[in-house]
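Report on the structure given below.
The values are calculated or read from the model by the stated rules, or taken from the named source; none is laboratory data. Keep in mind the model is a prediction, meaning the values are calculated, not measured. Cβ coordinates were reconstructed from backbone atoms using ideal geometry, including for glycine residues, and neighbour counts include every protein chain displayed.
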Amino acid sequence: MQLSLSGTHDNIIDVSDEVFSKEFNEPLIHQAVTCYLAGGRAGTKAQKSRSQVKATGSKPWRQKGTGRARAGSVASPLWKGGGVTFAAIPRDYSQKINKKMYQGALRSILSELIRQERLLIVEDFNFDSPKTVSLLEYLQKLGLDNQQILIVTPEEDVNLILAARNIHYLNVTKTTTINPVNLIQSKKILTNVATIRKLEKRLAL
């Protein structure tokens, strides 16, 4: 499969059909997205049951003869400061998905992005200084201003990250941290040739 580089008409690169020419598999993508979002849920809600409340183990008063109702523990849910009857416990919302399935979902998403012309490839990113103005000018030349953009780099680019942090519609990530959610949510994905080669190695069958 051949793709043209953005901003040029003559430069064409060959990309792997195994990674960038897959059919759109909606059930698999849905499962991968659900798994990713579920893994981000905190699940930290917690309450103390009567066994977890710090209290004495002795009866508050003797069983008979006081005229008061029977009581066996101050940790009873009926008492103020006692435990909760059906106490909520920390919950793990994470779901399991096989590595091959997850990679298959990424291949399907990338292939669909190419078909929708939402994946743009440039020769390289050349940012010698972390200047937001320079980055904005670069994006305007490519016609990518004022829309949700994801820039994918082969390695962590400090200058690019610093230049992009004040642009609310722009996110920067690297090949090892891309996920189904940020790929789908972005209107355009901007990347370079080195990133494409890394994705081919990472997602190869």
message: Against the definition (of a type in the set (Lys, Arg) and within 25 Å of GLY39 (Cα to Cα)), how does LYS174 come out, yes or no?
response: yes
- line: With criteria (1) within 25 Å of the chain's Cα centre (by Cα); (2) crowded, with 17+ Cβ neighbours inside 10 Å, GLN95 comes up short on (2)
task: State the number of residues belonging to region 107-142 that are farther than 14 Å from SER4 by Cα and among the β-branched types (Val, Ile, Thr).
output: 3
- prompt: LEU37 fails exactly one of the following numbered conditions: (1) surrounded by fewer than 16 Cβ atoms within 10 Å (Cβ to Cβ); (2) assigned to a loop (DSSP other than H, G, I, E, B). What is the number of that condition?
  reply: (2)
message: If a residue must be aromatic (Phe, Trp, Tyr) and within 30 Å of ASP17 (Cβ to Cβ), how many such residues does region 55-111 contain?
response: 1
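Listed here are the residues, each with its yes/no results for (1) at pLDDT 95 or above; (2) touching an Asp or Glu at 6+ places or on another chain (Cβ under 8 Å); (3) outside any helix (DSSP H, G or I).
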position: ALA88; (1), (2), (3): no, no, yes
position: GLN95; (1), (2), (3): no, no, yes
position: ARG107; (1), (2), (3): yes, yes, no
position: LEU113; (1), (2), (3): yes, no, no
position: PRO130; (1), (2), (3): no, no, yes
position: LEU135; (1), (2), (3): no, no, no
position: LEU139; (1), (2), (3): no, yes, no
position: ASN146; (1), (2), (3): no, no, yes
position: LEU150; (1), (2), (3): yes, no, yes
- request: Read through the list (1) surrounded by 17 or more Cβ atoms within 10 Å (Cβ to Cβ); (2) in a strand (DSSP E or B), then give the number of the only condition that ILE13 fails.
  value: (1)
statement: Scanning region 161-196 residue by residue, the ones that are over 19 Å from the mean Cα position of the chain (by Cα), surrounded by fewer than 18 Cβ atoms within 10 Å (Cβ to Cβ) and part of a helix (DSSP H, G or I) total 3
- line: Restricting region 99-122 to residues that are touching a residue at least 40 places away in the same chain (Cβ under 8 Å) and among the polar types (S, T, N, Q), the one farthest from VAL15 (Cα to Cα) turns out to be GLN103
